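The values are calculated or read from the model by the stated rules, or taken from the named source; none is laboratory data. Owing to the predicted nature of the structure, the values given are computational and were not obtained by experimental measurement. So basically every Cβ, Gly included, is an ideal-geometry build from the backbone, and we count neighbours across all protein chains shown. For accessibility, only protein heavy atoms count, side chains too; no ligands or nucleic acids. Shrake-Rupley method; radii C 1.70, N 1.55, O 1.52, S 1.80 Å.
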Amino acid sequence: MSLSTLADYHMHTPLCKHCTGAPWEYVQSAIDRGLAEIGFSDHCPMPDWYDPDFRMSLAEMPTYRRIVDDARKRYPDFPVRFGLEADFHPGTERFVEELIRGNDFDYVIGSVHYIHDWGFDNPDLISRFHDRPISEIWAQYFHLWEQAARSGLFDIMAHPDLVKKFGHRPEGDLAEYYRPGLEACMRYGVAIEVSTAGLRKPVGEIYPSAEFLRLAHQYGVPIVISSDAHHPGEVGQDFEKAVDWARQAGYTQTCRFEKRLRRMVDL
């Protein structure tokens, strides 16, 4: 399967403190895999109290811009977009909005990594899944995810059902959790990721689930294919599986972004 129409917009840099490899190595990996373009979307600076060990600081934003520009200069004939993965956490919206406004991003990815003070995708905190019913955890996560989609801050929503990372799923019809967020994406013109990162996690499944993705297609929500790469070898990883996943849900196109404008291309 050719990957020549695909872009990988979710990848990180060492500035996030949990990633290896220089940006130019990610670009070379994308070229080697036959991708059409890539974009960097490192973790957004946040207020000092919020998760400082897993993101760049505000003072490092110029460095982030510089190292992406350096990769662009090294590969002038290959499109390299400048993006951001910004957390949605109630009370920090103004901070994130001002940061976005002050930079010339090609796209902004929104993500939910915290439920209140709990970094639920942190393996060191997995025991907290036993503190309350899984149905309650899912309801809280997807309520935050819906709020993020409605915020107007983001072009793409990351790894939509990240809450399944360690395999925890409630009983019953899961569509009830998915629908409000997808309705928000439809209303506000927000795309979602089909992320192969889930294949590298304990759940062993693409984000989002097949049921979620079928519903997204019914709602007319566009997609991007992403790897969430934290190492050059992860760029474009398992994209053939992601394309099949998307096609099975009914998708025939994916998104490209530049200067926060979206256009569609065939899968």
> Given the conditions (1) surrounded by fewer than 24 Cβ atoms within 10 Å (Cβ to Cβ); (2) within 17 Å of the chain's Cα centre (by Cα), and given that VAL194 satisfies all but one, which numbered condition is not satisfied?
Replying inline: (1)
> Restricting attention to region 165-191, which residues are crowded, with 20+ Cβ neighbours inside 10 Å and of a type in the set (Lys, Arg)?
Replying inline: LYS165
> Quick one: how many residues across region 197-229 are assigned to a loop (DSSP other than H, G, I, E, B), under 20 Å from ASP42 (Cβ atoms) and open to solvent by 40 Å² or more (accessible area, probe 1.4 Å)?
Replying inline: 1
>> Cβ contacts < 7 Å: first residue assigned to a loop (DSSP other than H, G, I, E, B), restricted to region 97-108; second residue open to solvent by 70 Å² or more (accessible area, probe 1.4 Å), any location; separation 6+ or different chain. Result?
In response: PHE105/ARG260; ASP106/GLU258; ASP106/LYS259; ASP106/ARG260
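Select from region 112-133 the residues that are open to solvent by 10 Å² or more (accessible area, probe 1.4 Å) and under 17 Å from PRO47 (Cα atoms) and list them in ascending order.
Within region 112-133, HIS113, TYR114, HIS116, ASP117 meet the criteria.
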> Of ILE137, ILE109, which residue is surrounded by 14 or more Cβ atoms within 10 Å (Cβ to Cβ), closer than 24 Å to TYR9 by Cα and out of contact with any helix residue (DSSP H, G or I) (no Cβ under 6 Å at 6 or more places or on another chain)?
Replying inline: ILE109
> Does ASP48 count as in a loop (DSSP other than H, G, I, E, B) and modelled with pLDDT under 95?
Replying inline: yes
